[in-house]
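Colleague: Pasting in a structure now, in structure tokens, and then I'll have a few things to ask.
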Amino acid sequence: MARILYIEDIQDNITLVEKIVTSRGHEFISANNAELGLELAFDLHPDLILLDLGLPDADGQTLSVWLRSEPAFEAVPIIVLTAWPEEVVRHTVEAYGLDGYLCKPFSLTALVQIIDSALAKKTS
Amino acid sequence: MTIELIPAEQFTLQELTELYNQTRVDYMVPMPMNASRLGDYVHDFDIDLSRSCVARAADGQMRGLCMLGVRQKQAWITRLGVLPSTRRSGVGSALLDCMLENAHSLGIEDIQLEVIKNNVPAYNLFLCKDFKETGEYLVMRRAPHPSAAPLQGNDVWLNRDEALEVLQSCPNHLTWINDLASMRNASDVECLRLTLQDGSAGWLVYRNTKFTLRSTLSHLVIHTEKGDPNEVGAQLLLNLHIRYPHHDTYAENIHINDPHLPALRALGYFENFARIEMHRLSTT
């Protein structure tokens, strides 16, 4: 079982992802803004972070820079879940050194696969 | 649909923020705000909330909003948004008409706005209201990463007042968010002046904004006074990112024909989306 933090401002998205994550036996925590996400990351040390790019305080890109600058989160996979156009997201993930992305709307199967893959890589 | 247009000043920033975020929930480039950021936006870009509007339906629900920035003889229409369930019912058009009337009531004839490229419904609405396209601009991003290239030239780092003085000399058109008035409203403006060995010279004005953990760089305005813009631009950006190696950078409204674009791309900037600037010149 892994601890997964989802940083996302839209409650419907949080609810949907929570169902998938918990159904796979993982622990789920969420934050609806960057500052709370950062605080929870420091306090609870998630094994995986799911990150929306459009957040109301600092955006996902900036938050990922903060997280990656902390030694505690250097090896924690960060997966982007976003409604941004795919080409921009691909560039963003490459440039910011993140671990993968899914563009909304995404299938539940795709979400499960990307979570499993990221956790497996982290373990190995 | 019957709607009532109410001055935005009658609502709290929190209420306006929640409405704005709801109007953008399915937007092609989702960029939600919180009340603090909206407050900064209102301050920095001279938004007049008494002349900005919220659309309220007969059932009492807020359905859309639009804001008006006002500076002497110019106005800027921004944050126009309508709830997804209410679109195609004339609310956006009514909000826009209200902004035009409010601007005209101040004697303002030059009204401008920006629309995200490929937002066809909004673009067509603005065309219908006699706005004309005046330029295309890129919104670019750069993740922090170390640079190994050697620095060149004589760099001088200027404080806010000096930076504003430099920006005042900018000969190029700047969009509303980067122009002198916006930068004057900000407390975090800085400038780098650079002279290269061959006499080439230029400057870079930017904002260095403190966030929770680290600052971010934004609102870049680059100008080459002498020499090759590609070379001068590259050295300006290189100096900036060596001075601030851990800063995330957001460059908004870089003109698509800006001669410094190759330098921006070479330094790791990539395009997020494009905006179309439109103006409406009234003769009334």
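The values are calculated or read from the model by the stated rules, or taken from the named source; none is laboratory data. Because the structure is a prediction, the values reported are computed rather than measured. Cβ placement follows ideal geometry from the backbone for every residue including glycine, while neighbour counts extend to all protein chains displayed.
Colleague: So, in segment A:17-58, exactly how many residues are under 18 Å from A:T109 (Cβ atoms) and in contact (Cβ under 8 Å) with a residue 40 or more places away in the chain?
Modeller: The number of residues fulfilling the criteria is 7.
Colleague: With the structure loaded, tell me whether B:E4 is of a type in the set (D, E, K, R), assigned to a strand (DSSP E or B), in contact (Cβ under 8 Å) with a residue 12 or more places away in the chain and surrounded by fewer than 20 Cβ atoms within 10 Å (Cβ to Cβ) or whether it fails that test.
Modeller: Judged against the criteria, B:E4 is a match.
Colleague: For B:L281, which of the numbered conditions (1) within 14 Å of another protein chain (Cβ to nearest Cβ); (2) surrounded by fewer than 17 Cβ atoms within 10 Å (Cβ to Cβ); (3) under 23 Å from the mean Cα position of the chain (by Cα); (4) at pLDDT below 95 fails to hold?
Modeller: Evaluating B:L281 over (1) within 14 Å of another protein chain (Cβ to nearest Cβ); (2) surrounded by fewer than 17 Cβ atoms within 10 Å (Cβ to Cβ); (3) under 23 Å from the mean Cα position of the chain (by Cα); (4) at pLDDT below 95 leaves (1) as the failure.
Colleague: Looking only at segment B:198-209, decide whether some residue is hydroxyl-bearing (S, T, Y) and within 14 Å of chain A (Cβ to nearest Cβ).
Modeller: Taking every residue of segment B:198-209 in turn, at least one turns out to be hydroxyl-bearing (S, T, Y) and within 14 Å of chain A (Cβ to nearest Cβ).
Colleague: Now for a separate question. Evaluate segment A:9-23: report whether one residue or more is over 11 Å from the mean Cα position of the chain (by Cα), more than 14 Å from every other protein chain (Cβ to nearest Cβ), at pLDDT 95 or above and crowded, with 20+ Cβ neighbours inside 10 Å.
Modeller: Among the residues of segment A:9-23, at least one is over 11 Å from the mean Cα position of the chain (by Cα), more than 14 Å from every other protein chain (Cβ to nearest Cβ), at pLDDT 95 or above and crowded, with 20+ Cβ neighbours inside 10 Å, which makes the answer yes.
Colleague: Continuing with the same structure: Would you mind listing the helices (runs of 4 or more DSSP H) fully within segment B:26-138 where at least 3 residues are in contact with a helix residue (DSSP H, G or I) (Cβ under 6 Å, 6 or more places away or on another chain)?
Modeller: The qualifying helices (runs of 4 or more DSSP H) are B:35-44.
Colleague: Restrict the check to segment A:48-57 and report whether at least one residue is within 11 Å of chain B (Cβ to nearest Cβ), acidic (D, E) and either under 20 Å from B:L217 (Cβ atoms) or in a helix (DSSP H, G or I) (or both).
Modeller: The answer is yes, given that some residue of segment A:48-57 is within 11 Å of chain B (Cβ to nearest Cβ), acidic (D, E) and either under 20 Å from B:L217 (Cβ atoms) or in a helix (DSSP H, G or I) (or both).
Colleague: If you scan segment A:94-109, which residues turn out to be away from chain B (no Cβ under 14 Å), touching a strand residue (DSSP E or B) at 6+ places or on another chain (Cβ under 9 Å) and modelled with pLDDT under 95?
Modeller: Across segment A:94-109, the qualifying residue is only A:F106.
Colleague: Continuing with this model, one more query. Determine which member of the set B:A149, B:A163 is out of contact with any strand residue (DSSP E or B) (no Cβ under 6 Å at 6 or more places or on another chain), within 23 Å of B:T216 (Cα to Cα) and touching a residue at least 24 places away in the same chain (Cβ under 8 Å).
Modeller: Sole residue among the options that is out of contact with any strand residue (DSSP E or B) (no Cβ under 6 Å at 6 or more places or on another chain), within 23 Å of B:T216 (Cα to Cα) and touching a residue at least 24 places away in the same chain (Cβ under 8 Å): B:A149.
Colleague: Filter segment B:225-242 for residues that are small (G, A, S) and within 24 Å of the chain's Cα centre (by Cα); which is surrounded by the most Cβ atoms within 10 Å (Cβ to Cβ)?
Modeller: B:G233
Colleague: Same structure, new question: So which of B:A163, B:A122 is out of contact with any His (no Cβ under 8 Å at 6 or more places or on another chain) and outside the structural domain of B:T224 (by TED's automatic domain parsing)?
Modeller: Result of the check over B:A163, B:A122: B:A122.
Colleague: If a residue must be within 15 Å of A:D12 (Cβ to Cβ) and either modelled with pLDDT of 90 or more or within 7 Å of chain A (Cβ to nearest Cβ) (or both), how many such residues does segment B:25-44 contain?
Modeller: The qualifying residues number 3.
Colleague: Here's something else I'd like to know. What's the total number of residues in segment A:68-93 that are part of a loop (DSSP other than H, G, I, E, B) and either touching a His at 6+ places or on another chain (Cβ under 7 Å) or more than 12 Å from chain B (Cβ to nearest Cβ) (or both)?
Modeller: Counting residues in segment A:68-93 that are part of a loop (DSSP other than H, G, I, E, B) and either touching a His at 6+ places or on another chain (Cβ under 7 Å) or more than 12 Å from chain B (Cβ to nearest Cβ) (or both) gives 5.
Colleague: Here's another thing I want to ask about it. For segment B:243-273, give me each residue that is buried (at least 18 other Cβ atoms within 10 Å of the Cβ), of a type in the set (A, V, I, L, M) and outside any loop (DSSP other than H, G, I, E, B).
Modeller: B:A251, B:I254, B:L261, B:A263, B:L264
Colleague: Going by what's in this entry, would B:L192 be described as aliphatic (A, V, I, L, M), in the same structural domain as B:L267 (by TED's automatic domain parsing) and in contact (Cβ under 8 Å) with a residue 60 or more places away in the chain?
Modeller: No, not satisfied.
Colleague: Kindly check whether there is at least one residue in segment B:141-154 that is within 23 Å of B:D44 (Cβ to Cβ) and buried (at least 20 other Cβ atoms within 10 Å of the Cβ).
Modeller: yes
Colleague: If I go through segment B:139-164 residue by residue, how many of them are out of contact with any Ser or Thr (no Cβ under 9 Å at 6 or more places or on another chain), within 14 Å of chain A (Cβ to nearest Cβ) and either assigned to a strand (DSSP E or B) or among the acidic types (D, E) (or both)?
Modeller: 1
Colleague: Looking at (1) part of a helix (DSSP H, G or I); (2) over 13 Å from the mean Cα position of the chain (by Cα), can you tell me which one A:F106 breaks?
Modeller: (1)
Colleague: Determine which member of the set A:I114, A:I4 is at pLDDT 95 or above and either facing chain B (nearest Cβ under 9 Å) or outside any strand (DSSP E or B) (or both).
Modeller: So the residue among A:I114, A:I4 that is at pLDDT 95 or above and either facing chain B (nearest Cβ under 9 Å) or outside any strand (DSSP E or B) (or both) is A:I114.
Colleague: I need the full set of residues from segment B:91-109 which are of a type in the set (S, T, Y) and farther than 11 Å from B:K129 by Cα, in order please.
Modeller: B:S105
Colleague: Any chance you could count how many residues in segment B:136-153 are on the phi < 0 side of the Ramachandran plot and either touching a His at 6+ places or on another chain (Cβ under 6 Å) or at pLDDT below 95 (or both)?
Modeller: Adding up the residues that qualify gives 10.
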